[in-house]
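For reference, the structure discussed in these notes is given below.
Just so it is clear, none of the values below were taken in a lab; they were calculated from the coordinates. Treat the numbers as computed from the prediction; the structure is a model and nothing was measured. Virtual Cβ from ideal backbone geometry, glycine too; neighbours counted across all protein chains shown.
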Amino acid sequence: MDMLVVRGGTPLEGRVVVGGAKNSALPIMAAALAADGPSVLYDVPDLVDVSTLSQLLETLGVNVRRQQGGGLRLEVVDDERFVADYELVRRMRAGVCVLGPMLARRGKACVSLPGGCNIGDRPIDLHLKGLRALGADIRIERGYVIAEADQLRGADIYLGGPFGSTVTGTANVMSAAVLADGVTTIEAAACEPEVVDLGNFLNKMGARITGLGTPFLQIEGVERLTGAEHTVIPDRIEAATLMIAAAAAGGRVEVENVCPTHMTAVIEKLREVGVNCEVSAAISPKHSTIEISVPSSLRPADVIALPYPGIPTDVQAQLTALLCGAEGISVVTDKVFPDRFMHAAELVRMGARIRREGYSAIVSGVSQRSGACVMASDLRASAALVISALAAQGESVIRRIYHLDRGYDRLEAKLNSLGANIRRVKDEPANMPASLAPAIIDGTRPNAVSAPHWLAKTPARQTRTI
Ligand code: UD1
């Protein structure tokens, strides 16, 4: 297993390019299951989740390969298979996206339930409700969803849940309804840009979906879909992560290949805390560059993560890390995954002051944070820890970064190209920086050097909990 060793305190400078969106690429790849003939996808990021889904699709009879020039080619070569195995689905929640397209095309899908996750409950009841409404017979047996339907039929479906709509649920139901007999309407559909991107891809394959980007979708079923070419939209979560990293570390950074209209809420929030965000249409109106700089100290702000077009829950942890260095008190609430605060305890280890109150985290800004050994608990929490480590003085170690690799394409290489100092090493005692070794902190062993100055001056920081 690898870990990151981050030496903080250096401002970031330069240009960095955002890749294609993970959360678009995964359901789009899964939708290729429903097509006749090859599809070629461009700007599919090189991530562990993409290779896990590729493996899963291979087991389902899809030939997946990277072409010269970077396109990902997918073609169904065997449509007699319908079991999405636990060993692959458990590694990545988006594995559940094969359910809708496989059911619609093959009449049967047997998909392992995706299981729990560190960001809170992640049920799929709305996915199943939508597919049942389309006429599927669904049962759960031995940890698998078994869905069957000779022919799906159009229906009126309401996909609202206690925390808003569902992104992958909308993807699943939409990808099934395109091959249903008759017209389907989906109310309370997710409006996220990644759902729109999937809908655009399905329409290129011959589907008839209208209303994309609104909560009301109308889908006229068609008899067959054919493979298509598609370029995945830029990853708004990666863009936000790089922008927040630049703001936390200071300096001036140009983030390229951004769709600013997908990021309005994040840009507005960054401006509110005092970050300059200059948007320029460098490539095309849809693919701009955003220049980030921080003229003075950061102001506190209240952040509420909401479904699109609100601040994404996938950026909540990174914004929390940024607000730890603002001058004053911020309140962070997540209305999509209310318990998504595993990162808070680790940020506290770096000197942040965070207290949970109900479904919110109260963040009291501190003027200085110090490097520490911390543990990543999920994908976006890992990014928050990297951001905090860049802003902290001294060295930090971030362990369990396999979470980070699931969803970011070479995040540390991109940050290093901006002047960050991040090393990827094996997670072994020999690689632990001397400044974080227990011998130094307890000061009692014969080889102890001395307690770090921050420990001596501010002992309370090391014992804060949330
Ligand atoms: C997707 C994203 C994830 C993001 C999340 C919210 C992918 C691969 N993942 O996850 O990065 O954090 O959207 O933007 O695109 N819910 C139910 N019943 C359901 C489904 C969901 O109650 O059947 C609840 C969830 O517990 C959660 C909320 O609805 O509170 C939103 O979840 P959902 O949009 O489904 O998240 P995912 O699609 O799993």
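Magnitude of the charge dipole for region 318-379, about its Cα centre and with charges confined to Cβ atoms of Lys, Arg (+1) and Asp, Glu (-1), is about 120 debye. Averaging the sequence gap over all C-alpha pairs within less than 8 Å and six or more residues apart, then dividing by the number of residues, gives region 22-231 a relative contact order of 21 percent. With unit charges on the beta carbons (Lys and Arg positive, Asp and Glu negative) and the dipole taken about the Cα centre of region 205-354, which residue among Ile304, Leu225, Pro260 sits farthest to the positive side? So the residue furthest toward the plus end is Ile304. The label-point distance for Arg65 and Asp150, in a model that sets each label 7 Å from Cα toward Cβ, rounds to 3.9 nm. May I ask you to list the residues of region 308-341 whose amide nitrogen lies under 16 Å from a point 7 Å from Cα along the Cα→beta-carbon direction of Tyr359? In region 308-341, the label zone of Tyr359 (backbone N under 16 Å from the point 7 Å along Cα→Cβ) covers 308, 310-314, 316, 331-341.
Can you give me the C-alpha center-to-center distance between region 386-426 and region 232-307, rounded to a whole angstrom? Each part's Cα centre sits 19 Å from the other's.
Run the helix sum for the chain: -39,500 (n - 2.57) per DSSP H stretch of 4+ residues, divided by residue count, reported at 222 nm to the nearest 500 deg cm²/dmol. It would help to have the intermediate numbers written out before the result.
On the way: 16 runs with 140 residues, N = 466.
Result for the chain: -8500 deg cm²/dmol, rounded to the nearest 500.
Put simply, the amide H of Gly19, placed in the peptide plane, has neighbours under 5 Å in Asp235, leaving out anything fewer than 5 places away on its chain.
Here region 22-231 is assigned +1 on the Cβ of each Lys and Arg and -1 on the Cβ of each Asp and Glu. Its dipole about the Cα centre then comes out at about 220 debye. Find, to one decimal place in angstroms, the Kirkwood hydrodynamic radius of region 288-370, where the mean of 1/r is taken over every pair of different Cα atoms and then inverted. Radius from the Kirkwood sum: 13.1 Å. Highest-first packing order for the peptide set 185-195, 95-105 is 95-105, 185-195, based on the mean count of other beta carbon atoms within 10 Å.
Taken about its Cα centre, the chain carries a charge dipole of about 1340 debye when Lys and Arg each add +1 at the Cβ and Asp and Glu each add -1 at the Cβ. Near Val76, the amide H atoms lying under 5 Å from its own belong to Gly37, Asn63; only residues 5 or more places off or on other chains count, and H is placed 1.01 Å from N.
Phi angles of region 269-279 translate, via the Karplus equation with coefficients 6.51, -1.76, 1.60 and θ = phi - 60°, into HN-Hα couplings of 5, 5, 5, 4, 8, x, 8, 6, 10, 9, 9 Hz per residue; Gly and Pro are given as x. Once the chain from Glu268 to Glu223 is taken as fully extended at 0.36 nm per residue, the excess over their C-alpha distance is 11.8 nm. With K and R counted +1 and D and E -1, the other residues having a Cβ less than 14 Å from that of Ser330 yield a net charge of 0. The listed peptides 77-89, 172-184, ordered by packing as a protection proxy, come out as 172-184, 77-89 (highest mean of other Cβ atoms within 10 Å first). Think of the chain as having a plus end and a minus end, set by charges on the Cβ of Lys, Arg, Asp and Glu; of Ala190, Pro338, Leu128, Pro338 sits farthest toward the positive end of this dipole. Annotation: extensible slack from Thr261 through Phe163 equals 32.9 nm (criterion: 0.36 nm per residue apart, minus Cα-Cα distance).
Among 243-254, 266-277, 196-207, 134-145, how do they line up from the highest to the lowest mean number of other beta-carbon atoms within 10 Å? Please list the in-between numbers first.
On the way: 243-254: 24.5, 266-277: 18.8, 196-207: 22.3, 134-145: 15.6.
Listed from highest to lowest mean packing, they are 243-254, 196-207, 266-277, 134-145.
Among Asn203, Leu179, Thr52, which residue has its Cα positioned farthest towards the positive end of the charge dipole of region 22-231, with +1 placed on the Cβ of Lys and Arg, -1 on the Cβ of Asp and Glu, and the dipole taken about the Cα centre? Value computed over the given set: Thr52.
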